[in-house]
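Worksheet for the structure shown next.
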Amino acid sequence: MKETSFVLRGGIAFSESPHGITTYYRGYVVCVDGICQGAFTDLPEEYKDLKLYDYGERLIIPGMTDLHVHAPQYSFRGIGMDAELLEWLSTYTFPEEAKYADIEYAKKAYEYFADDLKRCFSSRAVVFGTMHNEATIELMNQLEETGLITYVGKVNMDRNGGVDLEEKDAEASLQATIDWLEAIDGKFVNTKPILTPRFIPSCSDDLMRGIGKLSKERNLRIQSHLSENVSEIAWVKELVPESTSYANAYELFDTMGTPECPTIMAHCVHSGEEEMRILKEHGAYIAHCADSNMNLTSGIAPIRKFLDAGINIGLATDVAAGSSMNMIKTMLITLQASKMYYRLVDQEVKPLTFEEVFYLATVGGGSYFGKVGTFKKGYEFDAVVIDDSKMFSMRDMSIRERIERMCYNDADAIIKDKYVRGKKVFTSTTI
Ligand SMILES: [Zn+2]
């Protein structure tokens, strides 16, 4: 029997829409050749010969997608949080990323990153490397080993990075990108390249245009940052004076993508009506980074407005401006941020519900990878098994209540096993 065909039994929870969480107490979820066949109260006859793994009272939820995380920043997560974006970049981020010119340093640092990503709630991630080809290939090698499915980008930056973190010019940056793409061509199954212009202040007009062209020629997706911080937005307006908004500046360089080849834009904290229209028209994804946006005093993105407008949204940790790769914690901060937006900024914008945030962490970001993020039939089988037995309570709790409790108080929820496309990529040795 195939290793990627089996049945899991336990407390199952997943989203079928943003408005509800479907649950099964002691239910079954079936995986055949890495593809989910659905969840059931009683196991259908046709699956009775498959190997059954009974997880008892443990919870089984879909793997989560971290839509925006910086691997080389993992080493300084949780420190330097008194700065705002531009100071934070020049004081902490750029000096750290410059160290990745040293492949031995990169190798060691990425081992910690890849190992911790394997152990957390994410089964998929979209990752920034640095501008260094060798280090980025090393990162891809290590992520491939984890069994997780990722997009990884060699960063483009030919201005405002300082002497140690700046490519010579647009031509050199584009050539390095082509060299990187050739070096990894056909090498990976789980790890895909994504074009990664850091943000407009880091990339000359020629470089941005070149990346737009490369994306079209090779059908490659793009990730970048948009409207995170007010000083950054003012700077972009100076750099691209003909633009009508920051998103329009990306549009002018042909880097906003298409629904078939969608661009991810991290943050969108200060995106107004025009940027919302542009994001929607291009089928772009917003990577919502609530933890990061609080830490760097950037603000709160009005996710309710984006949701209502039908824009694609996923959640993201944005380490190291976000303090950890824990997507459950990211869900919590997303909820709290949306409540404060409602209370302090705009009472027309209702807070996100727990159901909506669970949906964004699983299906919202998962959809960037295709049919990913739920236990509906036909979806790729990514699952996380969670032991919450240490969370003592006198109450009899529903599966939905246990998931919510885990989000608001995650300290005692332990990941037991993690599956990606039906392959077990992690198992806890402590429980
Ligand atoms: Zn970022």
- prompt: Out of segment 344-368, which residues are buried (at least 20 other Cβ atoms within 10 Å of the Cβ) and among the charged types (D, E, K, R)?
  reply: 356
- prompt: From the list 162, 147, 186, which residue is over 24 Å from residue 233 (Cα atoms), among the small types (Gly, Ala, Ser), surrounded by fewer than 18 Cβ atoms within 10 Å (Cβ to Cβ) and in the same structural domain as residue 266 (by TED's automatic domain parsing)?
  reply: 186
Any chance residue 242 is assigned by TED's automatic domain parsing to the domain that holds residue 196, assigned to a helix (DSSP H, G or I) and more than 16 Å from the ligand (Cβ to nearest atom): no
- line: Note on segment 34-80: residues within 15 Å of the ligand (Cβ to nearest atom) and surrounded by fewer than 17 Cβ atoms within 10 Å (Cβ to Cβ) are 76
task: Give the residues of segment 313-343 that are surrounded by fewer than 21 Cβ atoms within 10 Å (Cβ to Cβ) and within 16 Å of the ligand (Cβ to nearest atom), sorted by residue number.
output: 323, 324
statement: When every residue in segment 209-232 that is surrounded by fewer than 17 Cβ atoms within 10 Å (Cβ to Cβ) and either within 16 Å of the ligand (Cβ to nearest atom) or over 24 Å from the mean Cα position of the chain (by Cα) (or both) is compared, the one farthest from residue 155 (Cα to Cα) is 231
message: Can you tell me how many residues within segment 369-383 are assigned to a loop (DSSP other than H, G, I, E, B), of a type outside the set (Asp, Glu) and buried (at least 20 other Cβ atoms within 10 Å of the Cβ)?
response: 6
query: Quick one: would you say residue 264 is of a type in the set (A, V, I, L, M), more than 15 Å from the ligand (Cβ to nearest atom) and modelled with pLDDT of 95 or more?
result: no
query: How many residues does segment 47-57 hold that are under 17 Å from residue 422 (Cβ atoms) and either not assigned by TED's automatic domain parsing to the domain that holds residue 386 or not basic (Lys, Arg) (or both)?
result: 6
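The values are calculated or read from the model by the stated rules, or taken from the named source; none is laboratory data. Just so we're clear, the structure is a prediction, and the values are computed from it rather than from any experiment. Backbone-built Cβ (ideal geometry, glycine too); neighbour counts: all protein chains shown.
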